[in-house]
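**Q** The following block contains the structure, expressed as structure tokens.
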Amino acid sequence: MPLYEHVFLSRQDTSAQQVEELTAQFKGVIEQLGGKVTKVEQWGVKSLSYRLSKNRKAHFTLLNVDAPPAALNEVERQERLSEDVVRYLTVRVEELEEGPSAMMRKVDRDRERDERGGGFRDRGDRSDRGDRGDRGDRGGRRDRDARPPRDDADIVEA
């Protein structure tokens, strides 16, 4: 059977329990039609690049699926009908990824960084800027010459 990675986005105002119920519903449809879901990952609520149906954030969920195409067609049909699902994407792959996905590895890496107290590096010395001096220095360029005094006779009144 073909292998698929299926990601769906559900509205941010749905609870985590409702997202799990949606996932269980879609998983049940796939299993009824002769497929199996090998991995389910909840990526959590993430910001969207642009607004989708008035939503700025969404719950992201990944399903690794080993199923016939008809099963995925039915899941996508049900996602189109569901008001809680904002978007979905199914990609056919040669082999399913073992272990955590790239998104989950990123979350783990960020969590480790927070535990270490890392994050942004301290750049107090600003040594990466070179010899520009402070912001007022033009770096070798001369400032403009002073403006000549204004002659009141040049002003024309309307």
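**Q** Could you run through region 49-100 and say how many residues are part of a strand (DSSP E or B) and among the polar types (S, T, N, Q)? Working first, answer last.
**A** As a first pass, look at region 49-100 and keep what is part of a strand (DSSP E or B): 49-52, 55-66, 85-93.
Imposing the further condition that a residue be among the polar types (S, T, N, Q) reduces the set to 49, 55, 61, 64, 90.
Total meeting the criteria: 5.
**Q** Scan region 1-28 for residues that are among the hydroxyl-bearing types (S, T, Y) and under 22 Å from L96 (Cα atoms) and report the count.
**A** The first filter runs over region 1-28 and keeps only residues among the hydroxyl-bearing types (S, T, Y), leaving 4, 10, 14-15, 23.
With under 22 Å from L96 (Cα atoms) added as a condition, the list becomes 4, 23.
Total satisfying the criteria: 2.
**Q** Now for a separate question. If S101 satisfies all but one of (1) among the small types (G, A, S); (2) at pLDDT below 75; (3) surrounded by 10 or more Cβ atoms within 10 Å (Cβ to Cβ), what's the number of the condition it fails?
**A** (2)
**Q** So if I check each of E157, E115, which one is over 30 Å from P69 (Cα atoms) and at pLDDT 75 or above? So that I can check it myself, show each step before the final result.
**A** Details: E157 fails: at pLDDT 75 or above.
Being over 30 Å from P69 (Cα atoms) and at pLDDT 75 or above holds for just one of E157, E115, which is E115.
**Q** Pull up region 83-95, narrow it to residues that are of a type outside the set (D, E) and surrounded by 15 or more Cβ atoms within 10 Å (Cβ to Cβ), then point me to the one that is nearest to M1 (Cα to Cα). I'd like the intermediate steps shown before the answer.
**A** To start, the set of residues in region 83-95 that are of a type outside the set (D, E) comprises 85-93.
Imposing the further condition that a residue be surrounded by 15 or more Cβ atoms within 10 Å (Cβ to Cβ) reduces the set to 85-88, 90.
Values: V85: 26, V86: 28, R87: 25, Y88: 21, T90: 15 Å.
Going through the qualifying residues, I end up with T90.
**Q** Return the residues of region 1-56 that are surrounded by 15 or more Cβ atoms within 10 Å (Cβ to Cβ), in contact with a Leu (Cβ under 8 Å, 6 or more places away or on another chain) and basic (K, R); say none if nothing qualifies.
**A** Once the filter is applied, which keeps residues that are surrounded by 15 or more Cβ atoms within 10 Å (Cβ to Cβ), in contact with a Leu (Cβ under 8 Å, 6 or more places away or on another chain) and basic (K, R), region 1-56 yields K27, K39.
The values are calculated or read from the model by the stated rules, or taken from the named source; none is laboratory data. Small disclaimer: the values here were computed from a predicted structure and weren't measured. Cβ coordinates were reconstructed from backbone atoms using ideal geometry, including for glycine residues, and neighbour counts include every protein chain displayed.
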